[in-house]
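The next block holds one structure in the form of structure tokens; read it before the comments.
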Amino acid sequence: MNKSPNPVKWEEQSWQQIAQIRDAGTDMVILPVGATEQHGLHLPTGVDTLSAVAIAEGVSAQTGIPVLPAIAYGCSLGHSKKWPGTLPLRPETLSKIVCELADWIFSAGFTRMLILNGHVTNFAPLRCGLENIRTDIPGMKVSLRSIWELTQEVNDFYLQDAGDNWHANNAETSLMLHLRPDLVEMEKAEDEPNRSENCFFSYTVDKESVCGGVGTPSQGTESQGQFILDSCVQNLATMLEDALREEAPLQD
């Protein structure tokens, strides 16, 4: 376990310090991947990145696993150009970025990588990236986790007010009220139903939402946000303590 209360941020280390971390036996890194996209009327565009980074840094403070600089652009094409603020990447671009980073991470001697996802539609391109990494860099162990799936209780909370179509909802609002209340304008929060719940096809957000959100952000509270953060950090830190020692079930 890490003896420092502070996270280990890759960008704050010299190359010698990074080598010392590696040589001391920590061969894992955490790559937070978020997005820059509209989040309704009351939340900032950086919600997904801020969320993933907060959890990654909380875990790093407990485990000593370095956190890489976050990828703040995600696969957000579905938010359309109706509302300004969204800056998306094509899925193939995001996947390629992750693969190219993995090559350099591995060359630095880090053989385990957790991709920590903070945005729903990042998952498919990141999973494609994982497939390419484990094929092209067979010596690297790579895992992909989304923050809302780190515990069953957190997952249930994210889904409770909008199903799997949630966005700028109670959970995201609560987490931001805990992390960055200065960026939340609760007086502007607009509750919206999940209009796509019974749809067969997939639609962009502007065809489903008036203000850009889905769910009940008006119910967000700081204490609920603290529950999300604490639950995710504690559970993921425990998982990574085991992952630092894990080996493939079958060896060559």
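The values are calculated or read from the model by the stated rules, or taken from the named source; none is laboratory data. Given the structure is predicted, the values throughout are model-derived calculations rather than measurements. Don't worry about glycine lacking a Cβ; one is built from the backbone with ideal geometry, like all the others, and counts go over all protein chains shown.
Quick one: would you say Val142 is touching a Leu at 6+ places or on another chain (Cβ under 7 Å) and under 21 Å from Glu57 (Cα atoms)? Spell out the reasoning first.
Details: touching a Leu at 6+ places or on another chain (Cβ under 7 Å): yes; under 21 Å from Glu57 (Cα atoms): yes.
Considered against the rule, which asks whether it is touching a Leu at 6+ places or on another chain (Cβ under 7 Å) and under 21 Å from Glu57 (Cα atoms), Val142 comes out as yes.
For the stretch 131-162, give me the residue count where each residue is in a helix (DSSP H, G or I) and in contact with a Cys (Cβ under 9 Å, 6 or more places away or on another chain). Give the steps one after another, and end with the answer.
So in the stretch 131-162, the residues in a helix (DSSP H, G or I) come out as 131-136, 147-149, 152-159.
Remaining after also requiring in contact with a Cys (Cβ under 9 Å, 6 or more places away or on another chain): 132-133, 136, 147-148, 154.
Qualifying residue count for the region: 6.
What are the pairs, 6+ residues apart or on separate chains, where a residue within the stretch 106-120 that is touching a residue at least 40 places away in the same chain (Cβ under 8 Å) and more than 9 Å from Gly34 (Cα to Cα) has its Cβ under 6 Å from a residue that is hydroxyl-bearing (Ser, Thr, Tyr) and not in a helix (DSSP H, G or I)?
Taking only residues 6 or more apart or on different chains, the pairs are Leu114/Ser143.
Does Asp182 fit the bill of being modelled with pLDDT under 95 and either under 30 Å from Ile21 (Cα atoms) or surrounded by fewer than 15 Cβ atoms within 10 Å (Cβ to Cβ) (or both)?
Numbers: modelled with pLDDT under 95: no; either under 30 Å from Ile21 (Cα atoms) or surrounded by fewer than 15 Cβ atoms within 10 Å (Cβ to Cβ) (or both): yes.
Considered against the rule, which asks whether it is modelled with pLDDT under 95 and either under 30 Å from Ile21 (Cα atoms) or surrounded by fewer than 15 Cβ atoms within 10 Å (Cβ to Cβ) (or both), Asp182 comes out as no.
Listed residues Glu11, Glu37, Glu57; which is acidic (Asp, Glu), assigned to a loop (DSSP other than H, G, I, E, B) and modelled with pLDDT of 95 or more? Quick ask: steps written out before the conclusion?
On the way: Glu11 fails: assigned to a loop (DSSP other than H, G, I, E, B); Glu57 fails: assigned to a loop (DSSP other than H, G, I, E, B).
After applying the criteria, what remains is Glu37.
Quick one: would you say Glu149 is surrounded by fewer than 21 Cβ atoms within 10 Å (Cβ to Cβ) and under 16 Å from Ala56 (Cβ atoms)? Walk me through how you get there before you give the answer.
On the way: surrounded by fewer than 21 Cβ atoms within 10 Å (Cβ to Cβ): yes; under 16 Å from Ala56 (Cβ atoms): yes.
Here the answer is yes, as Glu149 does meet what is asked.
Quick check: is even one residue across the stretch 193-201 part of a helix (DSSP H, G or I) and modelled with pLDDT of 95 or more?
no
Can you tell which of Val98, Val120 is of a type in the set (A, V, I, L, M) and farther than 22 Å from Pro44 by Cα? Spell out how you get there, then give the answer.
Numbers: Val120 fails: farther than 22 Å from Pro44 by Cα.
Only one candidate passes the filter, namely Val98.
Name the residues in the stretch 14-34 that are of a type in the set (Asp, Glu) and assigned to a loop (DSSP other than H, G, I, E, B), would you? Break it down stepwise before answering.
In the first step, residues of the stretch 14-34 are kept if they are of a type in the set (Asp, Glu); the result is 23, 27.
Within the stretch 14-34, just Asp27 meets the criteria.
List the number of the failed condition for Ser51; all other conditions in (1) in contact with a helix residue (DSSP H, G or I) (Cβ under 7 Å, 6 or more places away or on another chain); (2) of a type in the set (Ser, Thr, Tyr); (3) without any contact (Cβ under 8 Å) to a residue 24 or more places away in the chain hold.
The number of the failed condition is (3).
Without any contact (Cβ under 8 Å) to a residue 60 or more places away in the chain and in a strand (DSSP E or B) - does that describe any residue in the stretch 168-179?
So the first thing to find is which residues in the stretch 168-179 are without any contact (Cβ under 8 Å) to a residue 60 or more places away in the chain, and the list is 169-171, 174, 177-178.
From what's left, in a strand (DSSP E or B): none.
Checking the stretch 168-179: not a single residue is without any contact (Cβ under 8 Å) to a residue 60 or more places away in the chain and in a strand (DSSP E or B).
Being closer than 25 Å to Gly225 by Cβ, of a type in the set (A, V, I, L, M) and touching a residue at least 12 places away in the same chain (Cβ under 8 Å): is that true of Ala162 here? Explain how you work it out, then say what you get.
On the way: closer than 25 Å to Gly225 by Cβ: yes; of a type in the set (A, V, I, L, M): yes; touching a residue at least 12 places away in the same chain (Cβ under 8 Å): yes.
Against the criterion (closer than 25 Å to Gly225 by Cβ, of a type in the set (A, V, I, L, M) and touching a residue at least 12 places away in the same chain (Cβ under 8 Å)), Ala162 qualifies.
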